[in-house]
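The values are calculated or read from the model by the stated rules, or taken from the named source; none is laboratory data. Not measured: the values here are computed from a predicted model. For neighbour counting, all protein chains shown are included, and Cβ atoms are generated from backbone atoms with ideal geometry for every residue, glycine included.
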Amino acid sequence: MDWRQKLAKTSFRWSDRVLYVDRGVIVMNKPPGLVTQLDPSTTNTEGGNLAKLLDDLKQGLELVTPPHRVHRLDKGTTGSLVLARSLNVAHDLSGQFQRRTVDKTYLALVRGGSRSFPQTSGQIRTFLEFPNGRASLVPQGQLPKASEPKESQTDWELVASSPHLPLSLVRLKLLTGHKHQIRVHLAQVLKTPILGDTLHSQSQPTDEIRDTFQLPDDRMFLHASQISFFRYRPVGGKKRFKIRVCAPLPQDLVEICSEAGIPIGDEERLGGLFKSESGKEQDFHPVADGEIPDINGCWIPQRANEIK
């Protein structure tokens, strides 16, 4: 099936959010405000909930059943959201998440210039606790309030900083995937909270940031930029390989970075599809024409760089 032609001929609410489709998987570019929990009573500024999204995808892509959610993103987080087209694929992907073979990379626009960082990259290794369901850092040398603190690991890299505003773009790789892990690590360890994160930082953006940008009260600038996971050929000797889907940055984040003088590369702005036969990081390469015929896989570039 030619997914590009199908999406070009049809128009449904989420058609411009579909980044990648194959015979078992759909990857969406999640907008801010969408709640990725199956709660039919939950609505949001995008005008629906996850159940409605899944049903719209079923109708728009002419699927047999609605897709299945296999992981979550915070309500305010944008970017790569993986959905399974069958229960078997959902089970496989859930197992990959549990075994930590799914690689997740995020981009965060944070409050703090280049001098706010001790170096240009680093590793954060802490324990998180969740009293009353809210993530917080366990101070070094102190006993946790919760009975079972979670070891949390994040690698980070300073991508670029604004030359005239206290703003920076940071790339983060999750080695563990606990609730609000990135938000806590940025706010409480690096002391550079995500722009718009009012839960883990009580301080306001500086006057120069607020005077330069009209920032919505409910917009947090954290983006799930890349996700990599295993897929399988139905026939052949070497069936398993890994794909990486890169979700384009939302337009409002791109515009802020542009005005702040923070450069953004084409991969971050346009997204893309990559493949590694070995599954190793160093072996990823762009997929020619955005197509993986073995699994009927297709990158959908439709208006990818115009997503709000």
Which of (1) outside any loop (DSSP other than H, G, I, E, B); (2) buried (at least 17 other Cβ atoms within 10 Å of the Cβ) is the odd one out, the single condition ARG115 does not satisfy? (2)
Selection count, segment 47-85, where residues are in contact (Cβ under 8 Å) with a residue 12 or more places away in the chain, of a type in the set (D, E, K, R) and either part of a helix (DSSP H, G or I) or touching a Pro at 6+ places or on another chain (Cβ under 6 Å) (or both): 2
List every residue pair whose Cβ atoms sit under 8 Å apart, with the two residues 6 or more apart in sequence or on different chains, where the first one lies in segment 86-113 and is on the phi > 0 side of the Ramachandran plot and the second, anywhere, is modelled with pLDDT under 95 and not in a helix (DSSP H, G or I). ARG100/LEU175; ARG100/THR176; ARG100/GLY177
Looking at the structure I just gave you, is PRO286 under 17 Å from the mean Cα position of the chain (by Cα) and modelled with pLDDT of 95 or more? no
Among SER168, SER162, which is the only one that is over 19 Å from the mean Cα position of the chain (by Cα) and within 27 Å of GLY265 (Cβ to Cβ)? SER162
Considering segment 114-127 alone, what residues qualify as being touching a residue at least 40 places away in the same chain (Cβ under 8 Å) and closer than 20 Å to HIS200 by Cα? SER116, PHE117, ILE124, THR126
Taking the condition among the polar types (S, T, N, Q) and at pLDDT below 90, does ASN44 pass? yes
Within segment 192-222, how many residues turn out to be surrounded by 13 or more Cβ atoms within 10 Å (Cβ to Cβ), modelled with pLDDT under 90 and among the acidic types (Asp, Glu)? 1
Looking only at segment 218-230, how many residues end up being farther than 15 Å from LEU73 by Cβ and part of a loop (DSSP other than H, G, I, E, B)? 1
Qualifying residues in segment 223-240 (those that are out of contact with any Gly (no Cβ under 7 Å at 6 or more places or on another chain) and closer than 26 Å to GLY265 by Cβ) - the one surrounded by the most Cβ atoms within 10 Å (Cβ to Cβ): GLN226
Quick one: would you say THR212 is hydroxyl-bearing (Ser, Thr, Tyr) and without any contact (Cβ under 8 Å) to a residue 60 or more places away in the chain? yes
Among the residues of segment 287-299 satisfying the criterion of being free of Cβ contacts under 8 Å to residues at least 60 places away in the same chain and in contact with a Leu (Cβ under 6 Å, 6 or more places away or on another chain), which is surrounded by the fewest Cβ atoms within 10 Å (Cβ to Cβ)? GLY290
Cross-chain or 6+ apart pairs with Cβ under 8 Å, segment 265-286 first and more than 17 Å from ASP22 (Cβ to Cβ), then of a type in the set (Asp, Glu): GLU281/ASP103; ASP283/GLU277
Quick check: is even one residue across segment 83-93 surrounded by fewer than 20 Cβ atoms within 10 Å (Cβ to Cβ) and of a type in the set (Val, Ile, Thr)? no
Which of the numbered conditions does SER80 fail, given that it passes all the others? Conditions: (1) within 24 Å of THR198 (Cα to Cα); (2) modelled with pLDDT of 90 or more; (3) of a type in the set (Ser, Thr, Tyr); (4) more than 20 Å from the chain's Cα centre (by Cα). (4)
